[in-house]
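The values are calculated or read from the model by the stated rules, or taken from the named source; none is laboratory data. Everything numeric here is computed off the predicted structure, so don't read it as measured data. Note that we place each Cβ from the backbone using ideal geometry, even for glycine, and neighbour counts take in every protein chain shown.
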Amino acid sequence: MGGAAEAPVTGDRVLAADAYDLAGLFRQHHADLVRLAVLIVRDQPTAEDVVQDVFARLHAKHGRPALPGKELAYIRACVLNGCRSVLRRRAVARRVGRYRDVIGEPVSPSAEAETIRAESRQQVLAALAVLPARRREVLVLRYFAGLTEAEIAATLGISIGAVKSAAARGIATLAHALGEGS
Amino acid sequence: MTTRTEERLADALAARAAAVRADSLRPLRARPERRRARAWRWLAPLAAAMSVALVAGLMAALGPGPPSLAARGLPRYYVWYASSTVPARLQVRSTSTGAVVASVPDPALASGGGWEWVGAQAGFRTYVALAACGHCRRSQVYSFHLDRDGRVTNMAVITDRTMPVSAVYSLSPDGSRLGYSMTTVLKGRLTTRIVIFSLRTGRVAVFRGGLGRRGFVPVVRSLSWPRNGKYLAFAVTLCPRSGPPRSTCSPWTVRSLNPAAHGGSLASGSVLLTTHAPVVINQVINPLVINPAGTGALRMSVQPPRSTANQTFRLTSISLTTGERTVLRTWVGPDIEALYATGGVVLVLSAPGRVGQFPSHRFRVIGLIGRSGKYQPLPLDRAGD
C-alpha cells in the first residue's frame with residue numbers, strides 16, 4: 001500500500017476523481033504556474049514543489065474553489081501564497097545563517113554566469129530580487145503573466161490603487177538600480 | 001508608453017520563464033502517508049553495516065586490486081563541492097574510493113557566505129578558493145593545504161582584494177596567478193575582459209577588446225593553463241549582438257594570453273586552435289580546454305545538438321600541431337558533461353540536466369585526464385554528500 005502511494009503517477013490519475021476539471025487545469029496551466037513561481041522563489045525545484053503542493057491540497061479538499069469560474073485566479077493566488085511561505089522560511093534561515101540566496105544557481109566550479117545576453121537579464125532579475133515581495137509579485141504578474149491591474153488586485157487581495165502604486169515604485173526602483181533612471 | 005526598464009523586465013522574465021520547459025517538470029506525485037516508526041527500524045543500519053563488513057572481508061580475502069590512482073602519479077585526494085548544500089561547502093574526496101575523507105571549514109564570512117569556486121595547484125595538495133557572501137557582495141580569497149591524510153591545514157585569507165563573484169576562474173598550476181573572465185554591461189554595452197591577478201605580488205593585468213566585430217560580441221569560455229603555466233588559454237566565439245537567444249555563433253577559437261604581460265587586448269596572444277563547426281551558445285559548459293601537456297585541446301561536444309532524450313556527449317582530444325582528433329570517450333544519457341582544468345589536470349564533470357540548460361544540481365567529478373592524455377574514470381561515493 002505504502003509503495004503504491006509513493007509511486008509517481010500522472011496528474012490525470014491523481015486528479016481524476018475531482019468534481020470540477022482540476023486535471024484539465026493542471027494539464028493546461030501547470031508549466032505556467034511553475035514559471036510564475038520560479039520568478040518569485042528563483043529556483044525551479046522549489047517552484048515545482050510549491051505548485052505541486054497547491055494541486056495536491058486542492059485535490060485533497062475534493063471541493064470547488066469558492067469562486068466558480070475563477071479557479072485559475074484562485075490557484076494562482078494559492079501559488080503566490082506558497083511562494084511567500086517559502087520566502088518567509090528562507091528569511092528565517094538566512095537570519096540564522098543557514099541559507100544564502102542565489103540569483104542564478106552557481107552550478108559549476110567555473111561559476112559561469114549565463115549566456116552573454118543573459119548577463120543583462122541577470123542584472124534585471126537581480127534588481128527584481130531585492131524589491132519588496134509585494135512589488136515583485138505585482139511586477140511579475142503584470143509583466144510576465146500579463147494580468148490587468150484589476151486582475152492583479154483580485155489575485156493579491158489588494159486595491160487597484162495599491163497595485164498601481166507598487167508597480168510604479170517597483171519600476172522606478174528597477175530603473176534606478178539599472179542606471180536607467182531619469 | 002513602455003519604458004526601456006519595462007521592456008528589459010518583460011524580456012528578462014520571459015527568458016527566465018522560458019528556461020522552465022514543460023516536459024522537464026516532475027509528474028504530480030500523490031503524497032505518501034506518514035507511517036509510524038517501527039520498533040525494528042534499527043535492523044536496517046545493522047544489516048547495512050554487516051553487508052559492508054562482509055564485502056570488505058571478501059575484498060581483503062581476494063587480494064589487492066589494480067594499482068591505486070596515487071600509484072599511477074594521479075592525486076590521492078581532491079577537493080570538490082558537496083553536491084547539494086547551500087551555501088556551498090567543500091569536501092575532500094579520495095580519488096581511489098570516491099569517499100569523503102574530510103570537510104573544508106566554512107569561510108569566516110558573515111551572513112551565511114559559502115564557497116563559490118575552488119582551484120587546485122599542481123599535485124592537488126594546495127588549493128585556492130573564493131568565498132563569497134551573496135547579500136553583502138563581499139568576497140575573500142583563501143588558500144589551504146591538504147596533508148598526507150587529506151586533512152585541511154594552513155587555511156588563511158591570502159588577499160584583501162574583493163574578487164567578482166560571477167566570473168569564470170582558473171588558477172595557474174603553480175598557484176601564483178588567478179585568471180578570470182567576466183562580462184559586464186558598461187554604458188549599455190556588453191564588455192568582456194580577462195584579468196590575470198598575481199596572488200604573490202597583487203599585480204593586475206587586464207585584457208579587453210580586440211576580438212569584436214561590428215554587430216558581434218565575443219563570448220569567452222573555458223579558461224585553462226597548461227601544466228607549465230606559460231600562458232592562459234581561453235575559448236572564444238563571436239555571437240550576434242542582437243537576435244534570438246540561441247542564435248548561432250562563430251566556431252570556437254582557442255587563444256592564449258601572456259601572463260607576464262601588463263594587459264592589453266584579448267587578441268594580444270596567439271591563436272592556438274580554430275574549430276570549424278558553428279556554435280550554439282551554452283550548449284556545453286566549458287567546451288574547450290588545453291590539455292595538461294599543452295600539446296592539444298580537449299573538447300566536449302554534444303551530438304545531436306539539443307537532443308533532450310538521449311544526449312550524446314563526446315570528449316575529443318585535438319592536436320594543436322596536426323589538428324588530429326581522437327575520441328577519448330562518449331556518454332549517452334540524461335546528464336550534462338563538462339570540463340574543468342585545474343591543478344595541471346582536466347576534470348570531467350557530470351550533473352543531471354539537459355543540453356542547453358544549466359543543471360539544477362552541482363557538478364560531480366566523474367573522471368580526469370592527466371599528463372598521459374588518457375581518460376581516467378573516478379569512483380564516486382555518494383555517502384558523504
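Among what's in region A:154-172 and is assigned to a helix (DSSP H, G or I) and modelled with pLDDT under 90, pick the residue that is farthest from A:L39 (Cα to Cα).
Once the filter is applied, the top-ranked residue is A:A154.
Count, please, the residues in region B:146-191 that happen to be within 22 Å of the chain's Cα centre (by Cα), among the basic types (K, R) and within 14 Å of another protein chain (Cβ to nearest Cβ).
Here the count works out to 0.
What are the residues in region B:314-362 that are in a loop (DSSP other than H, G, I, E, B) and at pLDDT 80 or above, if any?
B:L320, B:T321, B:T322, B:G323, B:E324, B:G343, B:G344
Look at B:V100 and say whether it is hydrophobic (A, V, I, L, M, F, W, C) and over 22 Å from the mean Cα position of the chain (by Cα).
In short, no.
Here's a check for you: in region B:192-241, which residue that is hydroxyl-bearing (S, T, Y) and under 15 Å from B:A297 (Cα atoms) is farthest from the other protein chains (Cβ to nearest Cβ)?
Per the stated criteria, the residue is B:Y231.
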